[in-house]
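Colleague: Take this structure first; my questions come after.
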Amino acid sequence: MHLNPYGEDAVHLAAALANGRPASPEELVTRCRAAGLVVEDTATEADLTRTHALLDAWEGVVDAPDERERAARLNLMLAEGTSHPRLTDHAGGWHLHYRDERQSLGGLLFALISVGTALHLVGRGMHRLGRCAVTECTTIFADTTRTGRRRYCSHRCANRDAVRRHRARPGDAAGRHGVGKGRGRAGVA
């Protein structure tokens, strides 16, 4: 089965924007272009406001308590942000758009992220969006791993959690390894 990369790219862009929301229309354009999105026009404050509303709704999808609620929330986003599919070749190759032509950046992002998230979830699994398992970290990630068991936003958080669990085991960690029981300082009086 071929997984549509449109979904993967869109959820990675959504996570990046949600984890560090753009503060200006210029920053929004710069970050979208850096992610590979073709942005033909400048963005406005209205685009920034629409993008923040999109990200609020998208975080609701991420934080949904179960698959049915996740689907219901995403269906609302799809109804609001998309139109019938159409073929276009504006970027040098034929592909599908799920939006009206010549939309502002805010509208384009709403359609792209809604459809991309839907493709990601139905193609890879409804559980493939989440927040880092480290309690104090609220970073969102899209799970694109082969196994679909990602729990952390980064290796750093995974390592931090492993160290925390190791230290929380019953007994003194130093004592379990022989440190402090007369073994490490032989011959010292």
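The values are calculated or read from the model by the stated rules, or taken from the named source; none is laboratory data. Since the structure is predicted, the reported quantities are computational estimates derived from the model, not experimental observations. With ideal geometry, Cβ positions are generated from the backbone for all residues, glycine too; neighbour counts draw on all protein chains shown. Note: areas computed on protein heavy atoms with side chains; ligands, DNA, RNA excluded. Shrake-Rupley method; radii C 1.70, N 1.55, O 1.52, S 1.80 Å.
Colleague: Hey, got the dipole for segment 1-128? About the Cα centre, +1 on K and R Cβ, -1 on D and E Cβ, debye to the nearest 20? Could you put the intermediate results ahead of the total?
Modeller: Working: 12 positive and 18 negative charges, 61 e Å.
In debye, rounded to 20, segment 1-128 gives about 300.
Colleague: In nm, what is the difference between 0.36 nm times the number of residues separating ASP56 and ARG160 and their Cα-Cα distance? Could you put the intermediate results ahead of the total?
Modeller: Details: separation 104, 0.36 × 104 = 37.44 nm, distance 2.83 nm.
Going from the current span to full extension adds 34.6 nm.
Colleague: Can you send over the carbon and sulfur percentage of the accessible area for segment 1-148, probe radius 1.4 Å, protein chains only?
Modeller: On the way: 4110 of 7630 Å².
Carbon and sulfur atoms account for 54 percent of the accessible area of segment 1-148.
Colleague: Take segment 50-133, drop everything but the C-alpha atoms, weight them equally and run the Debye formula without solvent; then report log10 I(q)/I(0) at 0.14, 0.15 Å⁻¹ to two decimals.
Modeller: Scattering profile of segment 50-133, log10 relative to I(0): -0.49, -0.56.
Colleague: Which one, (1) 10.5; (2) 16.2; (3) 11.7, gives mean projected area of the Cα convex hull in nm² as derived from the coordinates shown?
Modeller: Recomputing mean projected area of the Cα convex hull in nm² here gives the entry labelled (2).
Colleague: Under the rule of at least 5 residues apart or a separate chain, name every residue whose amide H is placed under 5 Å from the amide H of LEU129.
Modeller: Distant-sequence amide H within range of LEU129: ASP143.
Colleague: While we're looking at this one, here's another question. With a 1.4 Å probe and all protein chains left in place, how much accessible area per residue does the chain have, in Å²? Don't skip to the end; give the middle numbers.
Modeller: On the way: 11320 Å² over 189 residues.
I get 60 Å² per residue for the chain.
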